[in-house]
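A short write-up of the structure that comes next.
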Amino acid sequence: MIGKSTKTLLTCCFVVVACETELIGTSLGANPSSPAGAPPPANQAYEHVASQLDPNGSIFIYWNTETLLGEIDNSLQAVKASALADANLTASQLAKFEAGFDLVRHILLNSGLEAIRALGVSYRKDDSGMFIGKGALYVPDRSGYLWGSIAKPSHDLTFLKMIPESTEAFCFFDFDFETFWGGLSKDLAASGIPEIVTAVQQLPTQVQANTGMSLDDLLGSLGDQIGVIVTLDPQKTTTLLSGPNPAVIPEPAAALVLKLKNDKIFDRVDAIFSANPGVEKTDRPDLKLRVMTGPEPVAYLTPAVARYGDYMILSSSDTLVQAIVEANTGKSQGIRSSAEFNGLSAGMPDKGNSAVYVSKRFQSTIAAIEAQYNETQASLDPPTKRMLAAIYKISAEIASYKVTGTTDDSLVTVTKTTKDPNDILGAFCAIFSEAVAQAAITDLKHAKPSGASEQQAPVAPQSTPPQGTEENDNGAQSVPAQPNPAVATPPQMTQRTKPLQGGAKLAQIKMNLAYLSAAKDQVAKQKNLKDGDPVSREDLEEYLQMWPKPVAGEIYEVGPIGQQPYATTTVAIGKLPAGSMIEP
């Protein structure tokens, strides 16, 4: 039971941290240095937001939400009145609709979401070659229970001291459970919706039955901070997912870290652990550690719970608990020994309410798991798999560190990342465009040609390759498409009406290489090839709908197994000179 729970904890920790790695990237908005684009100085919300952002970067977004959220109560009331006037609803349906609408309205008002007045995002490249993102949420009135839960005054990020050196991802953030539930439960209890009111009333009894603690004791024992730590040991590997080609990843460990006000929760968890005779106990003045020993379904799982300082640690491994203690006491260097983290954290705020870090190793591990999982899904067609593989390759190249804090009237986020958000956006646009094109091709292949009869025999495939070549706009030789009387040829497959610019060309080339790489992986798996084995273009074409057409005269090379496919430029593309090698 505990072994299964630990695996669930490990999975959840991966998901929580992965989900914290979101990137906001778009080029909409005006640069505040431009008088024509900036609102007048009298706009107080704009001044507060813009003062937290970088005006001279590649991205600057400002959105005044005062009209949207400030008038949302009036808008909701108008929608409600219109809906209640619908004569097709029964009295019971009207009552439920009104109660549900009022609940949403009260939560928006009482949580403080309606108090958001403006937000903004900016990105710029710094001298180290990394990219600095800043975000600001202007909330001058933070009286709602949401802000009381997550937006307390910024403080020293003391938890950084306890992050072990082998950590590849972590997130810590302030969250006052007691304040949040206190406000939300009042809205739910006052909703007048019988099912919700009953659930709120029965919750204390259910908590008592399932945990052995009262709801008040549980919330009163929880502190105002929660964290997740994930480590990956590159010296050891393990396999995830069953099947002929399981995902091989560095050995993982994960811990959920909860700040506590007292010992009530730990004492209860300790009692549950101690009921198992296989539990080993360590009691020191600074540490209480309980470790589940004995055979586990997964060898590297040694479920552990610890009380250390102000925290309770629920971990998949007692080794991780010891690493946390050693980092905090200075017996090991901790996360500060990581060159990648040091590069990302240099110049970043040292005070805040939350911090999130993900390394390239963590990102590439998640991408490998997702890619391998998708390969086992028979319901996914090859184009979809190639599209997802391209997305995973993009995420695998990103490492980032983010700190969020508060000022008197705003929530401010600073992010440093290794990838230009514009490149990410360009790549996703290329992926989306390719997906649309593939869908159009599929539709055309299955469509009945105009004027063809139901009894028309299908056109036989060509037994020999077409002869002759033609030169495209960039001087590259390609085999011309042969007309097929049964299939209409889409114009976008034969010519490009608007040439791509430098950044878009590079993004499309990388997209093409990502597809070649995905096809190459398929060839290796199907033919059981090893590193160094040769692969030809013909091998890959079995897994491609078409060979990528050069966008700037570049030449694509497949390369042997174990080496990424690459493209060699024949002309300059942006800042890349002719003769440069481009990889996915």
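Give me HIS48, HIS106, HIS155 sorted ascending by neighbouring Cβ count inside 10 Å, so fewest comes first.
With the sparsest Cβ surroundings first, the list reads HIS155, HIS106, HIS48.
Evaluate 2.2 N^0.38 Å with N set to the residue count of the range 296-391, then give the Cα radius of gyration divided by it.
1.50
How would you rank 570-581, 88-99, 420-431, 509-520, highest first, on the average number of other Cβ atoms within 10 Å across their residues?
Values: 570-581: 14.0, 88-99: 11.7, 420-431: 18.8, 509-520: 24.1.
Order by mean packing, descending: 509-520, 420-431, 570-581, 88-99.
Shape call for the range 545-584 from the C-alpha gyration tensor, a ≥ b ≥ c root eigenvalues: rounded (a/c under 1.5), prolate (a/b greater than b/c) or oblate?
Verdict is oblate for the range 545-584.
Using the Karplus equation 6.51 cos²θ - 1.76 cosθ + 1.60 (θ = phi - 60°), what ³J(HN,Hα) coupling, rounded to whole Hz, does each residue of the range 253-266 give in order, writing x for Gly and Pro?
Per residue, the Karplus-derived 3J(HN,Hα) values read 8, 9, 9, 9, 10, 10, 7, 10, 8, 8, 8, 4, 5, 4 Hz.
Search the structure for amide H atoms under 5 Å from the amide H of GLN563, placed 1.01 Å from N in the peptide plane, and list their residues when 5 or more places away or on another chain.
For GLN563, whose amide H was placed from the backbone, the distant partners under 5 Å are GLY532.
Taking LYS419 as the anchor, which aspartates and glutamates have their alpha carbon closer than 13 Å to its alpha carbon, excluding any fewer than eight residues away along the same chain?
Partners within reach: GLU22, ASP126, GLU397.
So, in nm, how far is label ASN276 from label GLU165 when the simple model puts each one 7 Å beyond its Cα toward the Cβ?
3.1
Less than 14 Å from a label point 7 Å out along the Cα-to-Cβ axis of LYS261: which backbone N atoms in the range 140-164 qualify, by residue?
149
Compare the peptides 388-399, 215-226 by average per-residue count of other Cβ atoms within 10 angstrom and give them in order, highest first.
Descending packing order for the listed peptides: 388-399, 215-226.
Less than 17 Å from a label point 7 Å out along the Cα-to-Cβ axis of LYS351: which backbone N atoms in the range 402-423 qualify, by residue?
Within reach of a label on LYS351, which here means backbone N under 17 Å from a point 7 Å along Cα→Cβ, the range 402-423 contributes 403-414.
Subtracting the Cα-Cα distance from 0.36 nm times the residue separation, let me have the gained length for LEU89 to GLN201 in nm, one decimal. Before the final figure, lay out each step's value.
On the way: separation 112, 0.36 × 112 = 40.32 nm, distance 2.94 nm.
Computed gain between LEU89 and GLN201 is 37.4 nm.
If amide H atoms are built 1.01 Å from N in the plane of the peptide, which residues on other chains or at least 5 residues away come under 5 Å of the amide H of SER410?
Correct list: VAL139.
As a footprinting exposure proxy, order THR418, THR293 by other Cβ within 10 Å, with the fewest listed first. Numbers along the way, then the final one.
Details: THR418 19, THR293 13.
Arranged by neighbour count, lowest to highest, THR418, THR293 become THR293, THR418.
Mind checking the full-extension length gain between ASP408 and ALA299? Use 0.36 nm per residue of separation minus the Cα-Cα distance, one decimal, nm.
Details: separation 109, 0.36 × 109 = 39.24 nm, distance 4.97 nm.
The ASP408-ALA299 span can extend by a further 34.3 nm.
Would you list the P(r) distribution for the range 151-230, with all Cα-Cα distances sorted into 10 Å bins from 0 and each bin expressed as a whole %?
Histogram of Cα-Cα distances, whole percents per bin: 15, 33, 28, 19, 5, 0.
Lysines near LYS416 by alpha-carbon distance under 16 Å, same-chain residues fewer than 8 away left out - which ones?
LYS125, LYS134, LYS351, LYS360, LYS402
Could you list LYS264, LYS525, LYS134, LYS402 in order of exposure, starting from the residue whose Cβ has the fewest other Cβ atoms within 10 Å?
LYS525, LYS264, LYS134, LYS402
Mind checking the full-extension length gain between SER82 and SER337? Use 0.36 nm per residue of separation minus the Cα-Cα distance, one decimal, nm. Please list the in-between numbers first.
Numbers: separation 255, 0.36 × 255 = 91.80 nm, distance 6.13 nm.
Once the chain is fully extended between SER82 and SER337, it gains 85.7 nm.
Work through the residues other than MET213 whose Cβ is under 14 Å from its Cβ and net out their charges, Lys, Arg +1 and Asp, Glu -1. Write down the numbers at each step before the final one.
Numbers: positive: LYS261, LYS264, ARG268; negative: GLU178, ASP216, ASP217, ASP263, ASP267, ASP270.
For residues surrounding MET213, the net value is -3.
No lab work stands behind these numbers, since they all come straight from the coordinates. What you are looking at is a predicted structure, and each value in this text was computed from that prediction instead of being measured. Heads up, the Cβs are rebuilt from the backbone with ideal geometry, glycines too, and the neighbour counts pull from every protein chain shown.
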